[in-house]
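Data block below; observations after.
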Amino acid sequence: MCVDLHIHSIYSDGTAFPSELVKMAVDSGLRGISLTDHDTVDGIDEVIKHGKKNHIEVISGLEISVIHREFSLHILGYGINHHHTGLTDWLAKLQHGRTSRNELIIEKLQQLGLDVTNDELISLSRPGQTGRPHIARLLMDKGVVKTTNDAFKLYLRKGAPAWASRFAYSASQSIEMIHKAGGIAVLAHPGQIASSLKCLPLLIGELVERGLDGIEIYYPGHSDTVKKDLRKLAGKYNLVVTGGSDYHGTNKTYTKMAGIRNGFCPPDDILDHLLEKINALQKQ
Ligand code: AMP
Ligand code: ZN
Ligand code: FE
Ligand code: FE
């Protein structure tokens, strides 16, 4: 059977509610899923509740944007206690950083002569965290750009006229927080970090020194060569292997949820290994 351990909901920049995601996962014949929203755990209770009703395994998760050297990386946290107040307080700082960054981007867009407001952005991204994909959607709704990609290229990507930075924790701080909340830390989509994969052995080695527990190998953008290289690194450092689609609903129409029919099937033994690793950590 397949699992999908990397999914986004309306609580970050996906478009489906957790209940809808569970239904899709059941329809896709998945054994288990993890909701890994950006910088928030708000959707997890709902996924757990609907997962139980539908007899599908759910593991708690989140995806944190972190800084390590010159890299902006995504670290997945699995098996966390999502009610851990240390974690939720820690996440609040990231969420405030998003709010101020979004206001800055909107101001910059206004200075460029575009008719967009922060209130419009907030109502478009309700009830979840607001990210640049929402700003891209606002620009599309207003007819300023045709595609999300154009919105990023012309306005939102680093170096573009409306780009603004936001607060981020370091990789070490994030791995440490995930551990404190009882979870394990996994590097998301390593194949996407840099155009050249040459830096990966060094980068992953450094993250392992900082406590990294796993890497995401099964990912739609990873070629067989990338997967092979990552497997070698996982073996070298005894890392747990995970995988998922990074499904974002209609915000990224080119990505589907995992499933045999969709031609992308992270095998379900990764879930068993992940649970073993989490249990081992929690016993320590
Ligand atoms: P944020 O978390 O608000 O900084 O937004 C980052 C998110 O924007 C990433 O997780 C991607 O899903 C999305 N993103 C980044 N670059 C692009 C792009 N060129 N086209 C579409 N989506 C993008
Ligand atoms: Zn996203
Ligand atoms: Fe990501
Ligand atoms: Fe993601």
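The values are calculated or read from the model by the stated rules, or taken from the named source; none is laboratory data. Source: prediction; values computed, not measured. Positions of Cβ are backbone-derived with ideal geometry, glycine not excepted, and every protein chain shown enters the neighbour counts.
Selection of region 18-48 for residues being out of contact with any strand residue (DSSP E or B) (no Cβ under 9 Å at 6 or more places or on another chain) and either of a type in the set (Lys, Arg) or buried (at least 19 other Cβ atoms within 10 Å of the Cβ) (or both) yields 23, 42.
Within region 148-173, the set of residues being more than 16 Å from ligand 3 (Cβ to nearest atom) and either touching a residue at least 12 places away in the same chain (Cβ under 8 Å) or surrounded by 21 or more Cβ atoms within 10 Å (Cβ to Cβ) (or both) comprises 151, 155, 161, 162, 163, 164, 165, 167, 170, 172, 173. Scanning region 176-199 for residues that are more than 16 Å from ligand 3 (Cβ to nearest atom) and more than 13 Å from residue 240 (Cβ to Cβ) yields 176, 177, 179, 180, 181, 182, 195, 196, 197, 198, 199. Applying the set (1) assigned by TED's automatic domain parsing to the domain that holds residue 193; (2) in a helix (DSSP H, G or I); (3) modelled with pLDDT under 95 to residue 47 leaves exactly one unmet item: (3). Of everything in region 177-202 that is modelled with pLDDT of 95 or more and of a type in the set (A, V, I, L, M, F, W, C), the residue that is farthest from residue 279 (Cα to Cα) is 188.
For region 174-192, indicate whether the set of residues that are among the hydroxyl-bearing types (Ser, Thr, Tyr), surrounded by fewer than 21 Cβ atoms within 10 Å (Cβ to Cβ) and away from ligand 2 (no atom under 16 Å from the Cβ) is non-empty. Taking every residue of region 174-192 in turn, none turns out to be among the hydroxyl-bearing types (Ser, Thr, Tyr), surrounded by fewer than 21 Cβ atoms within 10 Å (Cβ to Cβ) and away from ligand 2 (no atom under 16 Å from the Cβ). If you go through region 105-117 and keep only what is assigned to a helix (DSSP H, G or I) and exposed (fewer than 15 other Cβ atoms within 10 Å of the Cβ), you end up with 107, 110, 111. Sort out which residues of region 193-216 are exposed (fewer than 15 other Cβ atoms within 10 Å of the Cβ) and under 20 Å from the mean Cα position of the chain (by Cα), and write them in order of number. Answer for region 193-216, where residues must be exposed (fewer than 15 other Cβ atoms within 10 Å of the Cβ) and under 20 Å from the mean Cα position of the chain (by Cα): 194, 195.
For region 118-146, the set of residues classified as polar (S, T, N, Q), away from ligand 1 (no atom under 12 Å from the Cβ) and over 20 Å from residue 161 (Cα atoms) consists of 123 only.
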